[in-house]
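The values are calculated or read from the model by the stated rules, or taken from the named source; none is laboratory data. Keep in mind it's a predicted model, so treat the numbers as computed, not measured. Reconstructed Cβ throughout: ideal geometry from the backbone, glycine too, with neighbour counts over all protein chains shown.
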Amino acid sequence: MDGFSIAVLSDFHYDPYFSCHPLRAAIGMVNDLRPDLIALTGDFVSTPLFESNDRKAALAAEPCAALLAKLNARHGLWAVMGNHDFFTDQDHVIEALRRHGIQVLSNQSVPIEAGGDRFWLAGVNDVLSGTADLRTTLQDVKNGDATVLLAHEPDYADLVARYPVDFQISGHSHGGQIRIPGLLNLYLPPLAKKYILGLYKIGPLILYTNAGIGTVNLPVRLNCPPEITLITLRRSAEH
């Protein structure tokens, strides 16, 4: 599976006024890349900043999923939940995604096979919700097989590095969302304060943190544009 490509999008925080625009722009860009698989690492909706009706906020999952369904990859679209999905109405978000052909991993792993080879695509429930179970997620993975883990929160990597996972893909941080040179990033949520943006090596584990598509709280990004990541898997030098 040397050369297998994964397109990563994250943190859509769908609304019909702001975040819908970068998402629409991303669809054509991703399809032009012709990825083998598309990974969606959570936060399809947003918990309301002022309102108390979290379930109503989850209704945004439907138009978000309808747009995402326009993405194409021969090995499909795979998603995990983020903290905003969980704390609105996770069941509704999952149902909307699956209704549009997007497969959701909930503490489980599936084999991705091509050309007689395979790796395992794993996905944990949202970590901040307290429902992520890495041991259960990996229980079906065969010893020695390569494993790619989707986990919304990047700082979860400190735990993941103790398990037989080769590569973790995350979002959640928004890359800081507002980045002012010489100052701290103005938006860093819990479990996204250590591995904020880009590529990291934690022991044997490789981690990539995606900056996301949408915004939260304020519809503003500064020195931190929306991101599509294209990851190409390569055979390890050890093999």
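Taken residue by residue, segment 115-132 has at least one member that is part of a strand (DSSP E or B), surrounded by 15 or more Cβ atoms within 10 Å (Cβ to Cβ) and free of Cβ contacts under 8 Å to residues at least 40 places away in the same chain. For segment 224-239, filtering for residues that are over 12 Å from Tyr187 (Cβ atoms) and at pLDDT 85 or above leaves 10.
Residues of segment 133-152 that are of a type in the set (S, T, N, Q) and surrounded by fewer than 19 Cβ atoms within 10 Å (Cβ to Cβ): Thr136, Gln139, Asn143. Applying the condition of being within 17 Å of the chain's Cα centre (by Cα) and without any contact (Cβ under 8 Å) to a residue 12 or more places away in the chain to segment 195-213 and asking which residue is surrounded by the fewest Cβ atoms within 10 Å (Cβ to Cβ) yields Leu199. Residues that are of a type outside the set (Gly, Ala, Ser), without any contact (Cβ under 8 Å) to a residue 60 or more places away in the chain and assigned to a loop (DSSP other than H, G, I, E, B) within segment 133-164 comprise Asp133, Leu138, Gln139, Asp140, Val141, Lys142, Asn143, Asp145, Arg162, Tyr163, Pro164, listed in sequence order. For Pro48, the test of being touching a Cys at 6+ places or on another chain (Cβ under 8 Å), without any contact (Cβ under 8 Å) to a residue 60 or more places away in the chain, farther than 24 Å from Tyr208 by Cβ and of a type outside the set (Gly, Ala, Ser) is failed. If you go through segment 214-227 and keep only what is out of contact with any Asp or Glu (no Cβ under 6 Å at 6 or more places or on another chain) and buried (at least 20 other Cβ atoms within 10 Å of the Cβ), you end up with Thr215, Arg221, Cys224, Pro226, Glu227.
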